[in-house]
Amino acid sequence: MTIGKRVLGMLAVQLGDAIMRKTFHQAVSLGNSCQVIYQLREHLGAEFCSSGVFDMQVTPPSALIEYLQRDFREMFERADLSEENGIVFNRRFLTEHLHEFPNGLERSYEDARSRHDYLCQKLRSVIDGRTPTLFALRHCPSVIDLDQRVRSILRERNRRLPFKIVTVHIGSKPTRPHPNDWEGNDDEWANRLSPFRVCHPWESRARKQAKRFMGHVMRAKF
């Protein structure tokens, strides 16, 4: 093998890793907590992580399904909310809101409702769009087929949306102790996200061109 062939072979290996990883143009959290968006930003880059309604609230699986089936409507009604020890709960859908009410339920509701509606509309636009999207979902192992149910709802709603759902189960030992245990297990998230990358559309086109180029190179004779 000539030096040129050997160098090109090494280049092929380096390019191959990027080419083989599934590529998306944005990453979005489907809950269940702020851990998901934190880890997405850490591993994939904050600039590619679109904010959504599930970023800062605790959302049980049943509530996630309700959000999707109800088109994100009537999920944050004042009559369904109550406050205990400074934390606002949705008695109807069992969501918890630790960050949206800095001045208490009564004084913060209008602002929180406006923000909630804005984030619902933003996520609705993602689901109804065509931008390749990596969704991330964290839930208990005992909740069987949750990702399949969510996938079915999303596909039924928009068959033109290219997407993938990556899941992480609740229960892994956090990387950091309390009070930062909410951040989760870094290694587990790195492992689950390693097959994927998120990039700008022009980078995706460049990788496709690189793939074609390397195909020509590996078929060439030196």
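The values are calculated or read from the model by the stated rules, or taken from the named source; none is laboratory data. Everything numeric here is computed off the predicted structure, so don't read it as measured data. FYI the Cβ positions are ideal-geometry reconstructions off the backbone, even for glycines, and counts take in every protein chain you see. These area figures cover heavy atoms from the full protein model, side chains too; ligands, DNA and RNA do not enter into them. Shrake-Rupley method; radii C 1.70, N 1.55, O 1.52, S 1.80 Å.
Assorted remarks:
- Residues located in region 43-62, provided they are touching a Lys or Arg at 6+ places or on another chain (Cβ under 9 Å) and within 12 Å of Asn32 (Cβ to Cβ): Pro61
- Summed over region 96-142, the residues that are loosely packed, with under 14 Cβ neighbours inside 10 Å, touching a residue at least 40 places away in the same chain (Cβ under 8 Å) and over 17 Å from the mean Cα position of the chain (by Cα) give a count of 1.
- Taking (1) at pLDDT 95 or above; (2) more than 30 Å from Arg70 (Cβ to Cβ); (3) in contact with a strand residue (DSSP E or B) (Cβ under 7 Å, 6 or more places away or on another chain) in turn, Arg151 satisfies each apart from (2).
- Gln39 being closer than 28 Å to Leu193 by Cβ and open to solvent by 70 Å² or more (accessible area, probe 1.4 Å): no
- For region 151-198, the set of residues classified as closer than 21 Å to Arg41 by Cβ and in a helix (DSSP H, G or I) consists of Asp181, Trp182, Glu183, Asp186, Asp187, Glu188, Trp189, Ala190, Asn191, Arg192, Leu193, listed by residue number.
- Exclusive hit being farther than 19 Å from Glu66 by Cβ and open to solvent by less than 50 Å² (accessible area, probe 1.4 Å), set Asn191, Asn158, Asn180, Asn185: Asn185
- Any hit, region 64-81, residues being touching a residue at least 60 places away in the same chain (Cβ under 8 Å), out of contact with any Phe, Trp or Tyr (no Cβ under 7 Å at 6 or more places or on another chain) and open to solvent by 30 Å² or more (accessible area, probe 1.4 Å): yes
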